[in-house]
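First comes the structure, then the notes that go with it.
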């Protein structure tokens, strides 16, 4: 009955790549917890005990390996977001479009890291408040770990009750909503952190708007 026509794929086949990305993310999470306990602890404190992050001793600072692992987890979260966006945006969802989306997502995540770092250097030069700016970066790094964990839980929950390609839009709506909730919490923690380090409130607002809110809205307008 399909002579001369491509065989249809199972709706769930398009989500094979996102599931593999979830598996890689869980592996990176296990590495973070086992090898870099300080970075792991600071990541947990960022959500439910931010004062503990502010008051930590010098020997509690994350090691370079832990920092790089968290950055890697952040890029994985962007790749997962991109793969889900690719499946949702395509009229013929398949593994290839999920792969293209994942590559774009990872690229955006990497560019975001570079852009934020350059913006931070400029911010330090203008405000002369290096520690406050670096604390905002630290919160961003830790919160991206939480983004990946949230997305993994959401993907597994959504696919457990998946009803076919017609569920793609609903899944993406839930992903987008979770992303905005995560952004709001991250912005709140970053604002608290820069103010805690006695950066002037005007500079704090400028930091959040320039390096966080503005780029996020532009990305949502394009991909949402």
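State yes or no: is residue 121 assigned to a helix (DSSP H, G or I) and either modelled with pLDDT under 90 or more than 22 Å from residue 178 (Cα to Cα) (or both)? If you could, list the steps in order and put the result at the bottom.
On the way: assigned to a helix (DSSP H, G or I): yes; either modelled with pLDDT under 90 or more than 22 Å from residue 178 (Cα to Cα) (or both): yes.
So residue 121 fits the description; yes.
Restricting attention to the stretch 68-89, the residues that are in contact with a helix residue (DSSP H, G or I) (Cβ under 7 Å, 6 or more places away or on another chain) and without any contact (Cβ under 8 Å) to a residue 60 or more places away in the chain add up to 7.
The values are calculated or read from the model by the stated rules, or taken from the named source; none is laboratory data. Worth saying up front: this structure is predicted, and the values here are computed from it rather than measured. With ideal geometry, Cβ positions are generated from the backbone for all residues, glycine too; neighbour counts draw on all protein chains shown.
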